[in-house]
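Notes for the one structure printed next.
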Amino acid sequence: MSSCGAKHVAVIVLAAGRGTRFGPEPKLLVSLDGKAVIRHVVEAAVGSVADPVIVVTGYRHHDVETELDDLPVQIMQNAAFGEGLSSSLKAGFAALPPQSKAAIILLGDMPLVTSDLIDSLAQIWDRMNMPAALVPTLNGKRGNPVVLSRSLENAVAQLSGDVGAGPILRERSDVIECPVDDPAILEDVDTTAGLKRIACGS
């Protein structure tokens with residue numbers, strides 16, 4: 001992607017939820033290969049071509065922000081995180097600078113996502129003439145992160161509850177699926193079993 005294109009794609013890291021399915025320990029702060037799960041995710045974002053990197057925090061926000069305090073990121077605190085994932089997506093979109101034409105939505109519990117994958121999605125989105133959304137797939141199954149165009153801003157603002165962009169994308173014809181050969185798009189730390197699976201494979 002051209003340097004011009006790179007300047008117009010941001011990353012929004014969603015790191016505000018409680019992650020209740022994981023158990024009493026905050027899943028974003030658990031250690032994986034010597035560093036917190038959220039640190040893996042944000043380092044991948046920072047190492048990519050995307051700029052800026054916006055991290056939406058909420059639950060245990062002080063601890064999450066402390067994990068990231070030496071990284072060049074913009075923190076957006078979501079006081080309404082208890083209302084569900086949509087509140088964080090809306091907060092992240094609201095923090096986008098005027099020059100951002102799209103945002104790569106990166107979930108804070110997906111530590112296997114790499115800078116190269118983020119770059120690849122940004123480049124494909126740019127090359128495909130900036131569709132409303134670009135969704136990676138593996139063997140026909142949709143995964144994350146997704147690229148959301150700025151043109152979806154109003155639709156994102158109308159979301160509510162514990163949902164991401166899925167309801168928006170299902171209703172549109174201008175969403176492009178992008179097959180990738182990277183199982184990271186389907187791997188998250190949703191449960192302790194998920195963490196063990198990722199740890200064993202890393």
Matching residues in region 178-194 - criterion: being surrounded by 13 or more Cβ atoms within 10 Å (Cβ to Cβ) and either farther than 18 Å from LEU14 by Cβ or small (Gly, Ala, Ser) (or both): CYS178, VAL180, ASP182, ALA184, THR192, GLY194
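Among the candidates GLY84, GLY58, single out the residue that is touching a residue at least 24 places away in the same chain (Cβ under 8 Å) and in contact with a Phe, Trp or Tyr (Cβ under 8 Å, 6 or more places away or on another chain).
Sole residue among the options that is touching a residue at least 24 places away in the same chain (Cβ under 8 Å) and in contact with a Phe, Trp or Tyr (Cβ under 8 Å, 6 or more places away or on another chain): GLY58.
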On the basis of being crowded, with 21+ Cβ neighbours inside 10 Å and in a helix (DSSP H, G or I), does ALA122 make the cut? yes
Exactly one of these conditions fails for GLU83: (1) of a type outside the set (Lys, Arg); (2) within 14 Å of LEU14 (Cα to Cα); (3) over 17 Å from the mean Cα position of the chain (by Cα); (4) crowded, with 17+ Cβ neighbours inside 10 Å. Give me its number. (4)
Can you pull out the residues in region 132-157 that are of a type in the set (Lys, Arg) and surrounded by 12 or more Cβ atoms within 10 Å (Cβ to Cβ)? ARG142, ARG150
Might you check whether a residue that is acidic (Asp, Glu) and surrounded by fewer than 19 Cβ atoms within 10 Å (Cβ to Cβ) occurs anywhere in region 33-44? yes
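Residue-wise test of (1) closer than 21 Å to GLU187 by Cβ; (2) in a loop (DSSP other than H, G, I, E, B); (3) basic (Lys, Arg).
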position	(1), (2), (3)
THR57	no, no, no
ASP63	no, no, no
ASP70	no, yes, no
GLY82	no, no, no
SER86	no, no, no
LYS90	no, no, yes
Could we say that VAL41 is in contact with an Asp or Glu (Cβ under 9 Å, 6 or more places away or on another chain), part of a helix (DSSP H, G or I) and in contact (Cβ under 8 Å) with a residue 60 or more places away in the chain here? yes
Sort out which residues of region 158-177 are small (Gly, Ala, Ser), touching a helix residue (DSSP H, G or I) at 6+ places or on another chain (Cβ under 9 Å) and surrounded by fewer than 13 Cβ atoms within 10 Å (Cβ to Cβ), and write them in order of number. SER160, GLY161
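Select, from LEU148, LEU169, LEU152, the only residue that is closer than 22 Å to GLN99 by Cα and assigned to a helix (DSSP H, G or I). Lay out the reasoning, then the answer.
Details: LEU148 fails: assigned to a helix (DSSP H, G or I); LEU169 fails: closer than 22 Å to GLN99 by Cα.
It is LEU152.
Readers should treat all values here as calculations from the given coordinates under stated rules, not as data from a laboratory. Since we're looking at a predicted model, the values are computed, not measured. Because the Cβ atoms are built from the backbone with ideal geometry, glycine has one as well, and the counts that use them run over all protein chains shown.
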